[in-house]
Amino acid sequence: MSGPTRAFHINTRMQISASILNTGQQNEVKVTTNSAAKQLLIPPKAEGNGSTLNGGELLFLALATCFCNDIYREATKRQMKIKSVKVIVSGEFGGEGEPGFNIQYGAIVDSDATEEEINNLILYVDKVAEVHNTLRVCTAVTLKTINK
């Protein structure tokens with residue numbers, strides 16, 4: 001089977017959930033990892049009924065955040081000191097119901113490490129970034145409940 005290289009770690013499974021409650025003029029947004037809940041501020045649309053951010057923006061932010069966090073994680077394992085990480089994700093969405101396409105990203109890592117060490121780190125993280133690999137294997141998204 002071809003596809004992204006996977007590096008699975010024993011006993012590091014994370015249970016993750018996200019929720020949004022929109023009441024027209026207010027959003028209550030919560031994300032949870034292993035029962036550690038965090039509230040996020042996502043303003044509602046000025047006219048109400050929805051959010052100022054769309055799902056595509058949040059998906060791309062998830063990709064950027066995952067890559068950024070994984071750079072720091074993997075750099076620590078290599079005893080590399082990272083000064084900053086900038087990740088830019090872009091892509092396109094078509095009409096209603098169409099999936100995104102042409103999703104690309106780039107990263108700029110500032111470190112005292114050599115250019116070769118930084119490039120090797122970036123290439124490695126590209127292979128192990130969990131959110132990226134989730135999209136790369138076309139993971140099913142299943143509607144679990146309706147009005148419950």
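Conditions tested, residue by residue: (1) assigned by TED's automatic domain parsing to the domain that holds GLY100; (2) without any contact (Cβ under 8 Å) to a residue 12 or more places away in the chain.
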{"position": "ASN22", "(1), (2)": "no, no"}
{"position": "VAL31", "(1), (2)": "no, no"}
{"position": "ASN34", "(1), (2)": "no, no"}
{"position": "LYS38", "(1), (2)": "no, yes"}
{"position": "LYS45", "(1), (2)": "no, yes"}
{"position": "ASN69", "(1), (2)": "yes, yes"}
{"position": "TYR72", "(1), (2)": "yes, no"}
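A single member of THR139, THR114 is without any contact (Cβ under 8 Å) to a residue 24 or more places away in the chain and either closer than 26 Å to ARG13 by Cβ or in contact with a Leu (Cβ under 6 Å, 6 or more places away or on another chain) (or both), and it is THR139. Just one of the listed residues (VAL85, VAL109, VAL89, VAL128) is in contact with a helix residue (DSSP H, G or I) (Cβ under 7 Å, 6 or more places away or on another chain) and over 25 Å from ILE16 (Cβ atoms), namely VAL109.
Residues of the stretch 31-71 that are farther than 18 Å from MET14 by Cβ and among the small types (Gly, Ala, Ser): ALA46, GLY48, GLY50, SER51, GLY55, GLY56, ALA64.
Being over 19 Å from TYR124 (Cα atoms), surrounded by 10 or more Cβ atoms within 10 Å (Cβ to Cβ) and in contact (Cβ under 8 Å) with a residue 12 or more places away in the chain, is that true of even one residue in the stretch 82-91? The answer is yes, given that some residue of the stretch 82-91 is over 19 Å from TYR124 (Cα atoms), surrounded by 10 or more Cβ atoms within 10 Å (Cβ to Cβ) and in contact (Cβ under 8 Å) with a residue 12 or more places away in the chain.
The values are calculated or read from the model by the stated rules, or taken from the named source; none is laboratory data. If you're wondering where the values come from, they're calculated on a predicted model, not measured in any experiment. Please note: Cβ atoms are built from the backbone with ideal geometry, for glycine as well, and neighbour counts cover all protein chains shown.
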